[in-house]
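Here is the structure we will look at.
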Amino acid sequence: MLSESIEKQLNHQVQLEGQSSNVYLAMASWAENAGYEGVASFMYRHSDEERMHMLKLIKFINERGGKACVPALEEPNNQYNDLQDVFQSLLEHEQHVTNEINGLVHMSLNEKDYTTHNFLQWYVSEQLEEEALARTILDKLKIIGNDSGSGLYLFDRDILNISADTANDIAAG
Ligand code: OFO
């Protein structure tokens, strides 16, 4: 059985994952309108993944005898200056999510809720991958620079091959 405080915090995380899905959906739409088809499909896929993160939490809360609440979402930012702006925002968003997950992990240990602690390990690894991936992409964009049309064209074409596995390798050194 979940404690009230952990149930509340897990529901907060449900909101955050749902919000992440919305943020990436807005980025996908911006990229599609800006002509970056590769980035758009990367973001659409990322948005779907975040929805899965939310569903996983909802099911866990309910399985543990808690009550998962489907949250209201805020309107995400729909306007970006360029791709660097998009991926910098993505990195900052993920850093925020990582902090929240770490807070939950801390809380579950404090309350000796080892089942929740175990469940959260999947999110800890996922955050490591997502942050590493965002940094890898930002590094590439910095090399290309915003003025290189052909560089950005190739980046857009290649982004679909940049998988989470690549980021994993980088994170593992
Ligand atoms: Fe759910 O991993 Fe990003 O936010």
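The values are calculated or read from the model by the stated rules, or taken from the named source; none is laboratory data. Computed from a prediction, not measured in an experiment: that's the story for all the values here. So basically every Cβ, Gly included, is an ideal-geometry build from the backbone, and we count neighbours across all protein chains shown. Ligands, DNA and RNA are excluded from the accessible area calculation, which covers all protein heavy atoms including side chains. Shrake-Rupley method; radii C 1.70, N 1.55, O 1.52, S 1.80 Å.
So the values come out like this:
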read-out: Table column - 3J(HN,Hα) (Hz), the stretch 150-157, Karplus curve with 6.51, -1.76, 1.60, x for Gly and Pro; value: 6, x, 5, 4, 5, 4, 4, 6
read-out: Net charge contributed by nearby residues that have their C-beta within less than 11 Å of PHE87 (K/R +1, D/E -1); value: -2
read-out: Accessible area expressed per residue, the chain, with surrounding protein chains retained (probe 1.4 Å, Å²); value: 53 Å²
read-out: Under 5 Å, built H, 5+ apart or other chain: amide partners of GLY66; value: LEU2
read-out: Centre separation in Å (Cα based) which lies between the stretch 100-141 and the stretch 1-59; value: 15 Å
read-out: Solvent-accessible area, 1.4 Å probe, carbon plus sulfur percent, for the stretch 4-172; value: 50 percent
read-out: The chain - mean residue ellipticity at 222 nm from DSSP helices (-39,500 (n - 2.57) per run, n ≥ 4, rounded to 500); value: -27500 deg cm²/dmol
read-out: Whole-Hz couplings from phi, Karplus 6.51/-1.76/1.60, listed for the stretch 88-93; x for Gly and Pro; value: 5, 5, 4, 4, 5, 4
read-out: Calculated on alpha-carbon atoms, Rg and Dmax of the stretch 23-173 in Å; value: 17.2, 54
read-out: Gained length - LYS59 relative to ASP85, 0.36 nm times residue gap less alpha-carbon distance; value: 6.0 nm
read-out: ARG45 versus MET1: modelled label distance in nm, points set 7 Å from Cα along the beta carbon direction; value: 4.4 nm
read-out: Residue-by-residue Karplus 3J(HN,Hα) for the stretch 69-82, coefficients 6.51, -1.76, 1.60, Hz, glycine and proline x; value: 10, 7, x, 6, 10, 7, 5, x, 5, 10, 10, 10, 7, 6
read-out: Farthest toward positive dipole pole in the chain [+1 Lys/Arg, -1 Asp/Glu at C-beta], among VAL105, ILE143, ALA31; value: VAL105
read-out: Pairwise Lys count, the stretch 4-172 - Cα closer than 20 Å, eight or more residues apart or different chains; value: 6
